[in-house]
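The values are calculated or read from the model by the stated rules, or taken from the named source; none is laboratory data. Since we're looking at a predicted model, the values are computed, not measured. Reconstructed Cβ throughout: ideal geometry from the backbone, glycine too, with neighbour counts over all protein chains shown.
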Amino acid sequence: MRRIVLCAAVLAAVIGFLGGIGPSYAAAEYVLQVVGADGAVSRSVTWQDAEGRSDYRFIYRKRKDAQEIQVPVTEQPRPPRYNADWQQAPYTYSAAMHDLEPETVYEFRIGSAAEMKEWQSFKTGKKKENTYKVIVMGDSQSVDYDVWGKTVQAAATNSNDAVFWIGMGDLTDNGQAWFQWRALAGRREAFGTSSLCTCSR
C-alpha cells in the first residue's frame with residue numbers, strides 16, 4: 001500500500017513532464033531534469049562532477065529568446081564512500097527554475113564565466129493535465145545495466161509517445177555503491193527524451 005500511495009504521489013508530481021535526460025557537458029556529468037509539484041510551471045536540473053567547482057553558472061530562457069535568466073547553483077551533500085577500494089562519490093549540483101509558462105519550450109545551459117556550453121531544451125507540460133501515457137518498470141537493481149538498457153530501449157520503441165517512465169523499487173544492487181549509480185546513469189541514452197521517475201517503498 002505504501003508503494004502504491006507513493007507512486008500516486010509521484011504521478012501527480014510529474015503530470016505533463018516532457019523533459020528528459022540530457023547530454024554531459026565538459027566537467028558537468030549526468031545532467032538530469034527533475035520535476036517538482038507542478039511540471040507545468042517549474043523544473044530543476046541536477047548534475048555532477050569530480051572537481052568540487054564553485055564557479056558554475058546556470059542560465060535559462062524561452063527558446064531563442066533574447067532575455068536570459070541566471071539562477072543560483074547549489075551543491076548537494078555527497079553520499080558516503082562504498083569502501084576503501086572505491087573513489088569518493090563526485091559532487092552534485094542543482095538549479096531550479098520557477099514561474100515558467102505551461103506548454104512552452106525552454107532552454108538551459110551550464111558553464112562558468114569563461115565558457116558556457118550548448119543549450120539543452122525541454123517543454124513544460126499542460127496545466128491540470130489529466131490524460132497521459134507512462135511506462136512502469138520494476139526494479140532495475142543491477143551491476144551491469146547492458147541488458148536493462150536494451151529492455152528500456154525496446155519499451156521506448158513500442159511506446160514512443162509515453163510522457164515519462166516510472167522506475168519502481170531498487171534502482172541499484174547496493175545503494176551505497178557509487179559505481180553502480182554511475183553504471184545506471186551511464187545508460188541514460190536509453191530513455192531518449194523522456195524522464196525517469198523513481199518510486200520505492
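Overview of results
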| read-out | value |
| --- | --- |
| Test: Lys150 is crowded, with 16+ Cβ neighbours inside 10 Å and not β-branched (Val, Ile, Thr) | no |
| Where a residue in region 56-79 is assigned by the TED database to the domain that holds Thr104 and under 11 Å from Trp119 (Cα atoms) and its partner, wherever it lies, is surrounded by 12 or more Cβ atoms within 10 Å (Cβ to Cβ) and of a type in the set (D, E, K, R), with Cβ under 6 Å and at least six apart | Ile59/Glu68; Ile59/Arg109; Arg61/Glu68; Arg61/Glu107; Arg63/Glu107 |
| All positions within region 67-97 that are surrounded by fewer than 16 Cβ atoms within 10 Å (Cβ to Cβ), at pLDDT 95 or above and part of a loop (DSSP other than H, G, I, E, B) | Gln67, Glu68, Pro72 |
| Subset of region 105-122 (residues that are in a loop (DSSP other than H, G, I, E, B) and more than 12 Å from Arg61 (Cβ to Cβ)) | Ser112, Ala113, Ala114, Glu115, Lys117, Glu118 |
| Identity of the residue in region 123-159, assigned to a loop (DSSP other than H, G, I, E, B) and β-branched (Val, Ile, Thr), that ends up farthest from Glu29 (Cα to Cα) | Thr131 |
| Scope region 122-144; condition at pLDDT 80 or above, surrounded by 15 or more Cβ atoms within 10 Å (Cβ to Cβ) and over 30 Å from Asn174 (Cβ atoms); matching residues | Phe122, Lys123, Thr124, Gly125, Lys126 |
| Residue within region 108-118 that is under 26 Å from Gly167 (Cβ atoms) and either modelled with pLDDT of 85 or more or of a type outside the set (A, V, I, L, M, F, W, C) (or both) present | yes |
